[in-house]
Amino acid sequence: MRSVYIETYGCQMNIADTELLFGHLGRNGYQRTADPQSADVILLNTCAIREHAEERIIGRLGDLVRMKNGRPDVQLGIAGCMAQHVRDKLMDRLPFVDFVVGPDAYRRLPELLGEPGGDPFVDVRLDKAETYADIAPRREAGVRGWITIMRGCDKFCTFCIVPFVRGRERSLPATAIFDQVRQLAADGYREVVYLGQTVNAYRHDGVDFAELLRRTNSIDGIERIRFTSPHPSDMSAAVIEAMGQCDKVCPQLHLPVQSGSNRVLASMERGYSVEQYVDLVDRLRKAKPGIALSTDIIVGFPGEEESDFEATLSLMRQVGYDSAFMFKYSQREGTKAAKWDETVGDEEKSRRLQAVIAQQEEQSAAINRKLIGSTVEVLVEGPARRRDGWLVGKTLHFKTAVLPAGGGIAPGAVVDVRVSEATAHTLVASA
Ligand code: SAH
Ligand code: SF4
Ligand code: F3S
């Protein structure tokens, strides 16, 4: 048996793709190894979302090449979004890379790898029908299972590389999804997270996302349902209603807004205004009282004036996000916005980024502090990393909580605990 080592970068969908690769390669004569030094195949599953992501990967490739030195039979390759983004250029620029496979070429990978030390190859064909619905992933053991329910994206926000590297939007058959959910429940998982770049645009054979949530809600053994990332424009009344009516759908949503300025949202081609987004938040709060919201923010988009940036800060205060991922705009070759001059210098981008982060930290801490003294329901995952004798898990609102171990509490348990301390990122439960 040959062994394969995979290192994963980027979003949850890439992590899920790595599980898919392990499943597929596992059934085709490869065993998984955690040690690149001894692996026959070394694979980086890459991300292209920002320049920084690509630079990190190039740096890491250097280390791996040194590891491969003197072992000519080892095949070193790149999969995922950056592989798709830079394609053949990658082979020219990095002659030590043996293969490049895009996100739609994983089915062919065992065949392409061929014999030890096989010829170099590039397979970056995008396939608008590929969903890997019939390929069972090999998951990490745990209490939360991630299931990719749709692939690709058709939105083409002007800053974003995803539609170019992941191809057109397509959904998996609902039956294939429910098979996976039942398997997760049978394997002891308690929570399922549905994944897609515009996850709520899910549609297959007349089953839409609202229907998918309702049917998932009735699967025994699964106690919590989440999904990420929904697009505000696809948040239909039916989806909001289903979220409200399905008791297992958690009161938590990651709802990327990107900017609080209508001018910037329009040039990003996000498809909604600030007013529409705020109205959506109101409707979600009515349907799911106490829902925790998080978001993604980009600062320094071309044309973003100080007043636009202030509007973003103001919207973030108005919505009162529990948390946020915040980024400096990064120009991506091939996108529409890449043709526009950058108008915000890097120093100013950094200043804006620090300002949104500082505001959000304060807000997150304030929201979490209000939980001190209350009881929260925690799905226990396992030992806490930095606290001996403590366990870690997530609350219904997807907040990290640590609690003292003992009392026979095992991973997979759902326990009610009292919050005694809180920071912007963690709740601490008393013994
Ligand atoms: N499909 C999701 C976003 C996936 S990418 C959605 O539409 O909400 C995750 C986040 O990366 C985006 O929400 C955005 O905030 C950020 N991002 C994407 N492209 C970027 C770029 N070129 N520069 C900076 N941040 C970017
Ligand atoms: Fe990118 Fe926009 Fe698609 Fe999200 S919806 S993946 S930001 S193009
Ligand atoms: Fe990155 Fe691709 Fe995900 S670009 S964020 S790994 S879809």
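The values are calculated or read from the model by the stated rules, or taken from the named source; none is laboratory data. Model, not experiment: these values are computed from the prediction. Ideal geometry is used to build each Cβ from the backbone, glycine not excepted, and the neighbour counts take in all protein chains shown. The area values use the complete protein model at the heavy-atom level, side chains included, leaving out ligands, DNA and RNA. Shrake-Rupley method; radii C 1.70, N 1.55, O 1.52, S 1.80 Å.
If you average 1/r over every pair of different alpha-carbon atoms in the range 182-324 and take one over that average, what Kirkwood value in Å do you get?
Kirkwood radius, the range 182-324: 16.1 Å.
For the pair Asp134/Asp296, report the inter-label distance in nm, with labels modelled 7 Å from Cα in the Cβ direction.
3.2 nm
I'd like the accessible area for Phe96, computed on protein heavy atoms only with a 1.4 Å probe and all protein chains in place. Round to 10 Å², please.
It works out to around 70 Å².
Computing the accessible area with a 1.4 Å probe over protein heavy atoms, can you report the carbon and sulfur percentage for the range 251-369?
51 percent
How much accessible surface area, in Å² rounded to 10, belongs to the heavy atoms of Glu55 with a 1.4 Å probe?
Accessible area, nearest 10 Å²: 110 Å².
Convex hull volume of the Cα atoms in the range 251-369, per residue, in Å³?
Cα convex hull per residue, to the nearest whole number: 96 Å³.
Calculate the length of the line joining the C-alpha centroid of the range 239-271 to that of the range 52-131, in whole Å.
If you average the Cα positions of each part, the centres end up 35 Å apart.
List every residue whose amide H lies under 5 Å from the amide H of Glu421, counting only residues 5 or more places away in sequence or on a different chain, with H placed 1.01 Å from N in the peptide plane.
Close amide H contacts, sequence-distant or interchain: Val428.
Compute the whole-percent fraction of alpha carbon pairs in the chain spaced more than 36 Å apart.
Value for the chain: 30 percent of Cα pairs lie more than 36 Å apart.
Give me the percent relative contact order of the range 141-250, please, defined on Cα pairs under 8 angstrom at least 6 residues apart.
Relative CO of the range 141-250 lands at 28 percent.
At 1.4 Å probe size, put Val122, Val207 in order of accessible surface, largest to smallest.
From most exposed to least exposed: Val122, Val207.
How much space per residue, in cubic angstrom, does the convex hull of the C-alpha atoms of the range 375-430 take up?
Cα convex hull per residue, to the nearest whole number: 72 Å³.
Taking 37 °C and 0.692 mPa s as the conditions, I'd like the Stokes-Einstein D for the range 40-162 in µm²/s, using the Kirkwood hydrodynamic radius from alpha carbon pairs.
Here the translational diffusion coefficient equals 207 µm²/s.
Averaged across orientations, what area in nm² does the convex hull of the alpha carbons in the range 141-250 project?
Its average projected convex-hull area is 7.0 nm².
Go through Lys248/Lys336; Lys328/Lys394; Lys288/Lys328 and tell me which ones have a Cα-Cα distance over 30 Å in this structure.
Pairs exceeding 30 Å: Lys248/Lys336; Lys288/Lys328.
Would you be so kind as to identify all helices of the chain, as entire DSSP H runs, whose Cα atoms reach 30 Å or more along the helix's own axis and whose mean Kyte-Doolittle hydropathy is at least 0.0?
none
Ignoring ligands, DNA and RNA, what percent of the 1.4 Å accessible area of the range 1-124 is carbon and sulfur?
49 percent
Reachable aspartates and glutamates from Lys68, Cα under 19 Å, same-chain residues fewer than 8 places away excluded?
Straight-distance partners of Lys68: Glu7, Asp35, Asp40, Asp92, Asp98, Glu115, Asp119.
Across every pair of different alpha-carbon atoms, what Kirkwood hydrodynamic radius in Å does the range 1-83 reach?
Hydrodynamic radius (Kirkwood, Cα pairs) of the range 1-83 is 13.0 Å.
Cysteines without a disulfide-compatible partner in the chain, using Cβ under 4.7 Å as the rule?
Cys11, Cys47, Cys81, Cys153, Cys246, Cys250, each lacking another Cys Cβ under 4.7 Å.
What figure, in Å² to the nearest 10, do you get for the accessible area of Met13 with a 1.4 Å probe and non-protein molecules left out?
We get 20 Å² for Met13.
Once the convex hull of the alpha carbons of the range 321-380 is built, what does its volume come to per residue, in cubic angstrom?
134 Å³
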